[in-house]
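Asker: Dropping a structure here in C-alpha cells format, bear with me for questions.
Where a number appears in this text, it was derived from the coordinates with a stated rule and is not lab data. Keep in mind that this is a model prediction, so the values were computed, not measured. Every residue, glycine among them, receives a Cβ derived from its backbone with ideal geometry; neighbour counts consider all protein chains shown.
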Amino acid sequence: MQKTAAWPLAFIYAALIVYASLYPFENWRSQGVDWTAFLLAPWPKYWTGFDVLSNVLGYAPLGFIVALALRRSARHLPAVILSLLAGSLLALCMETMQLFLPARVPSNVDWELNTLGTFLGAICAWTLERFGFLDRWSRFRANWFAPDAKGSLVLLALWPVALLFPAPVPLGLGQVLERTEDALALYLQDTLWLDWLPVREVELQPLLPIYESLCVCLGLLIPCMLAFSLVRHFYQKAVAWGLLLGLGVGATALSAALTYGPVHAWGWINAPVQLALVVAALMAVPMMWLSEKMLQVLALVFLVLQLTMLNNASASAYFALTLQNWEQGQFIRFHGLIQWMGWLWPFVLLVYLMQCLSMTRTSKMSP
C-alpha cells in the first residue's frame, strides 16, 4: 500500500465539514420530528444559486481527495463508488443531526447536492488518474520532495487558508492567550472555579513596532524553512521561496479585502511590515543551504519565539471590534472554521516539529 498525503487531508476536510454542519453546537434537544421527514419533504419553492453552488462545491473536494487516496493506496477498490457512498453517508448524517439543532434546518436538497458534489469530485480525480495526471504528480513529488514530506505538505497547504482569519499582527498566527482568558472567565462566571483562574498583575500591552516587525518576519520565515526542509534541490527551494512569499502576502491581502473591503486590501502593509517582509525574503535565501535537521530546529525556535511575543501582547480595541464584525459574516468565516485554523495552525506545527526532531534523535540512537 502506497503512502499518500491524501488520507490526512481527507480526514481533516471531513472534520471541517462536521464542524461547519453542526455549528454552533448549542441547544441540542429533540424537537419531536421524525428523522425521515426531511427526506420525504417536497423540494423548496425558493432557492438561490449560491445555495446550490456552496452545497456542491463544499463536498466536491471531499470526493476528490477520498477518491485520490483510494486510487493511490488501493487501486483494486472502486474509488468513485466508495467515495460517493462515504460523502453521501456523511452528508446524510449531518443533515439528520441538524434535526437536534434548532439553529439549523435539515434539507433533502442539501443532501442531494452534497452527494452530487462528492460524485463530481470523485469523477474529477478518476479522470485525472485515468489520463496519467496523477502519475505525473507522483513523479513530480518524488523529484521535488522527501519521501516523508506528507505532514509538511499538509501543513503548508493549510497555511494560506489559516491566514484568511484576521490577525492583530499580519502573518502572526496563534495569538490566542487573551481571547482564551476572556472566554474561560466568561464560561466560569458565577462558579467557584472562577477564583482558580490566575490573574495577571500587569495588563497586556500592544506590540512595539520593532517586535511587530519581528513577528511578521518570523511568520514568513517559518513556512519557508518548513518548505526548504522537504524540498530536494536548490532551484526547487528557490521556486518554493517565491511561491510562499506570494502566498503569504496574497492570502493576507485577501483577508484584509474580505474584512475591510477591497479598497483596503493593502492597508496592512505599513512601514514595520514592509521592513519585515524584505528582511524575511533576504534571510530565507541563505537558509536554502541548511540541512533538514537544522531547518527544523530553527523553525521550532523561531516558532516558540513568535508565539511567546504574540501571546504576551494584546490586540487593540479597534481590532477586537473589527474581529467581532468579521465573525458575523458566516460566508467569510465558514461557520468558524477559518478562525480555528488561524488559531491552531502554529501549535499543530509546533507539535509536528517536535515529533520530527524526536524521531530523528531516536533513529540516530538506535543501532
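Asker: What list do you get for M287, M359 if you sort them by fewest beta carbons within 10 Å?
Answerer: M359, M287
Asker: Quick check: pseudo-label points 7 Å beyond the Cα along Cα→Cβ at L357 and E26, how many nm apart are they?
Answerer: 4.1 nm
Asker: Please compute the net charge surrounding I123, taking Lys and Arg as +1 and Asp and Glu as -1 over other residues with Cβ under 13 Å from its Cβ.
Answerer: With Lys, Arg at +1 and Asp, Glu at -1, the net is +1.
Asker: Measuring from label point to label point, each 7 Å out along Cα→Cβ, what is the Q189 to R136 span in nm?
Answerer: With each label placed 7 Å out from Cα toward Cβ, I get 5.8 nm.
Asker: Then there's this: Report the full-extension gain for the segment Q205 to Q274: residue separation times 0.36 nm, less the Cα-Cα distance, to one decimal in nm.
Answerer: That pair, Q205 and Q274, stretches by 22.6 nm at full extension.
Asker: Of T127, F11, L113, which is farthest on the positive side of the dipole of segment 6-144, counting Cα position, with +1 on Lys and Arg Cβ, -1 on Asp and Glu Cβ, and the Cα centre as origin?
Answerer: After comparing all options, I get T127.
Asker: Ranked highest first by average number of other Cβ atoms within 10 Å, how do 8-19, 112-123 line up?
Answerer: 112-123, 8-19
Asker: Can you pull the one-decimal nm distance between simple spin-label points at S73 and V105, each 7 Å off the Cα toward Cβ?
Answerer: Spacing of the two 7 Å Cα→Cβ label points: 3.8 nm.
Asker: So, by mean Cβ neighbours within 10 angstrom, what's the order for 270-278, 56-64 with the highest one leading?
Answerer: Highest to lowest by the protection proxy: 56-64, 270-278.
Asker: While we're on this one: Assuming a ≥ b ≥ c are the square roots of the Cα gyration tensor eigenvalues, decide whether segment 66-221 counts as rounded (a/c under 1.5), prolate (otherwise, with a/b larger than b/c) or oblate.
Answerer: oblate
Asker: Once you order the gyration tensor axes a ≥ b ≥ c over the Cα atoms, which shape class does segment 6-144 get: rounded for a/c under 1.5, otherwise prolate or oblate by comparing a/b with b/c?
Answerer: In terms of gyration-tensor shape, prolate.
Asker: A follow-up question, please. Going highest first, how would you order 292-302, 83-93 by mean Cβ packing within 10 Å?
Answerer: The peptides rank, most packed first, as 83-93, 292-302.
Asker: Place a +1 charge on the Cβ of each Lys and Arg in segment 6-144 and a -1 charge on the Cβ of each Asp and Glu, then give the dipole magnitude about the Cα centre in debye, rounded to the nearest 20.
Answerer: Around 620 debye, computed over segment 6-144.
Asker: Could I ask something else about it? If we count every other residue with Cβ under 9 angstrom of A91's Cβ, Lys/Arg +1 and Asp/Glu -1, where does the sum land?
Answerer: Residues near A91 contribute -3 overall.
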